[in-house]
Amino acid sequence: MKTDLFYYTGTGNSLWTARMLAKELGDAELIPISRTTGDRILSGAGAIGIIFPVHIWGLPRRVITFVDALAKDESRYHFAVAVNAGQVAATLIQLKKRMQGRGLSLHAGFELAMPSNYIPWGGPGPEETQIRRIEAARKKIGRIAAAAAVKEKRPVEKGPLWQNILFTGLNRLAFSYVPTMDRSFRVDEKCNGCGTCKAVCPSGNIDLPAERPVWLHHCEQCLACIQWCPQEAIQFGKKTPRYKRYHHPEVTLKDVLAAAPER
Ligand SMILES: Cc1cc2nc3c(=O)[nH]c(=O)nc-3n(C[C@H](O)[C@H](O)[C@H](O)COP(=O)(O)O)c2cc1C
Ligand code: SF4
Ligand code: SF4
């Protein structure tokens, strides 16, 4: 049975997860969500995996628009992996409901804790913690692939009740502000006008007049621009000059550029 693995990523954790799943599953194709187009996305595969980062305790907007465009097929198996930094909250419940509203079933949903790419709050922490998380994730991916291979149906994974109530509320409050959260980005004197930030952006939200980035306020807050800038010239708020940049150690800029929309 062929599996289509649709992934969305900012800093490579979800791309790496999709890659590891493909390796375990064998007959699988990796498809970047940012490169899908149209309002009817078709798949000839017998199974679909949706792999994405948790953003503000919920689904990134681009994942929502992808799911809304996914063509219905009742015979197909669907599973999802919500890649997070320790707080999946009710993200997979949100996905299941969204899919149900479209006549699609989410047969299994797994949370996967990985290093945090949320640099405004400090990012992934010490290297030993990152390595430990990635190794634990590697083992869990083996278990997810084993379940997906036999089309196992199971309840979606979720956080503790307090998290689901409180953080889902915060997600609802914050969601409409995400496109303009790019107002907190600025560029410093280290910028050399290389254009990587513009190229890596999944939403075409960066322009480069006079070889300096300008954010256009339809941001997805994936943080690819700040994390992949080779000069570390992009800052968000006051603290990021102090923090190390993060991307998954086995994912390169070239890999992420290949997942960005074709322009
Ligand atoms: C805007 C934003 C919000 C985030 N919110 C959460 C969150 O609510 N819970 C959590 O566990 N991780 C959160 N994270 C961390 C990411 O989900 C996590 O680092 C993920 O592995 C990144 O995947 P990627 O490298 O594929 O982009 C957030 C990251 C960003 C950029
Ligand atoms: S990636 Fe960094 S150095 Fe390159 S144009 Fe953007 S901000 Fe400037
Ligand atoms: S501007 Fe930066 S954070 Fe916003 S969508 Fe583009 S790459 Fe992601």
Exercise for the section: Could you check Phe79 against (1) of a type in the set (Phe, Trp, Tyr); (2) within 29 Å of Tyr177 (Cβ to Cβ); (3) touching a residue at least 60 places away in the same chain (Cβ under 8 Å) and say which number it fails? Expected result: (2)
Exercise for the section: Find all pairs meeting these conditions: Cβ atoms under 8 angstrom apart; at least six residues apart or on different chains; first residue within the range 233-257 and in contact (Cβ under 8 Å) with a residue 12 or more places away in the chain and not assigned by TED's automatic domain parsing to the domain that holds Pro126; second residue of a type in the set (Val, Ile, Thr) and more than 16 Å from ligand 3 (Cβ to nearest atom). Expected result: His248/Ile134; Pro249/Ile134
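Take the conditions at negative phi, outside any helix (DSSP H, G or I), of a type outside the set (Phe, Trp, Tyr) and within 14 Å of ligand 3 (Cβ to nearest atom) and apply them to Arg183. Does it pass?
Values: at negative phi: yes; outside any helix (DSSP H, G or I): no; of a type outside the set (Phe, Trp, Tyr): yes; within 14 Å of ligand 3 (Cβ to nearest atom): yes.
No.
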Exercise for the section: Return the pairs, sorted by first residue and then second, in which the second residue is aromatic (Phe, Trp, Tyr) and not in a loop (DSSP other than H, G, I, E, B), the first residue lies in the range 210-231 and is away from ligand 1 (no atom under 15 Å from the Cβ), the beta carbons are less than 8 Å apart, and the residues are 6+ apart or on different chains. Expected result: Pro213/Phe185
Completion exercise
Over the range 48-75, the set of residues buried (at least 21 other Cβ atoms within 10 Å of the Cβ) and out of contact with any helix residue (DSSP H, G or I) (no Cβ under 9 Å at 6 or more places or on another chain) is Ile48
Handout entry: Residues satisfying the stated conditions in the range 187-209, i.e. closer than 23 Å to Gly58 by Cβ, in contact with a strand residue (DSSP E or B) (Cβ under 8 Å, 6 or more places away or on another chain) and more than 15 Å from ligand 1 (Cβ to nearest atom)
Key = none
Exercise for the section: For the range 208-257, enumerate the residues that are in a loop (DSSP other than H, G, I, E, B), of a type in the set (Gly, Ala, Ser) and modelled with pLDDT under 95. Expected result: Gly237
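The values are calculated or read from the model by the stated rules, or taken from the named source; none is laboratory data. No experiment lies behind these values; they were computed from the predicted model shown. Neighbour counts run over all protein chains shown; Cβ positions are idealised from the backbone, glycine included.
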